[in-house]
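*Asks:* Sharing a structure here in structure tokens format.
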Amino acid sequence: FHCCVSVSLRFSMADRREQRVCIKFCFKHGKTAAETHQMLKQAFGENSLGQTQTYNWYKRFKNGRTSTDDDRSGRPSTGTTPENVAKVRDLILQDRRLTIQDLCNTLGLSYGTCQRILSEELITSWIGAKFVPRLLQNEPKQHRLEVCRELEQQLQEDPNFLSKVVPGDESWVYGYDPQSKQQSSQWKSPSSPRPKKSSISQEQR
């Protein structure tokens, strides 16, 4: 009897890991969490993971997790201690694009511990950068300011100055493949502004 239970348990653990691999596969191929859950039910029947488990694992892979191993079978959890919270905060401040799995690998903490620290202790959220036409550096900003001041001065000297102006603009851009919204995602606290990313890498005028 003990042998049968042991074999059954090993098969159960292997079956769950296989389903986690399937969830990761579906996420990589653009399936939604709901579609993934339905596919698991069709493939594994009564032995499929529940909806909550499926959605939780789908969210983990979406947040950057790569491992399909169960947290309980890996490194021991040390909890959300003040020391661990400080370590996670320092790493996030150094690089806001670190994924939860990156933090796990660096600090040796479980996935669940890092996730709780980020969401409950540091109150951060994983958010994609907002795409804008371009991000001006200090020099172009200063140049535009000087041009505006010159135009204002000429307008004061000649009230009909604007009627003589013919507006025009021309931009030369380099073709390139921008990062996707997922690739440009980073951690954001409630008080910090949403990150921005230019849709143009370089420009010439």
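No lab work stands behind these numbers, since they all come straight from the coordinates. Note that the structure is a prediction, hence the values are computed from the model and not measured. As a convention, Cβ positions derive from the backbone with ideal geometry for all residues, glycine included, and neighbour counts pool all protein chains shown.
*Asks:* Can you bin region 82-123 into rounded, prolate or oblate? Criterion: square roots of the alpha carbon gyration tensor eigenvalues sorted a ≥ b ≥ c, rounded for a/c under 1.5, prolate for a/b above b/c, oblate for the rest.
*Replies:* On the way: a/c = 1.27, a/b = 1.04, b/c = 1.23.
Rounded, because the longest to shortest axis ratio a/c is under 1.5.
*Asks:* From the cross-link list 24/188; 141/164; 28/188; 41/87, which pairs have alpha carbons spaced over 32 Å apart? Working shown, then result.
*Replies:* Details: 24/188 25 Å; 141/164 25 Å; 28/188 24 Å; 41/87 40 Å.
Check vs 32 Å cut-off fails for 41/87.
*Asks:* If you don't mind, another one. Suppose every Lys and Arg Cβ carries +1 and every Asp and Glu Cβ carries -1, with no other charges. What dipole size does region 82-123 come out with about its Cα centre, to the nearest 20 debye?
*Replies:* Working: 5 positive and 6 negative charges, 18 e Å.
The calculated dipole for region 82-123 is roughly 80 debye.
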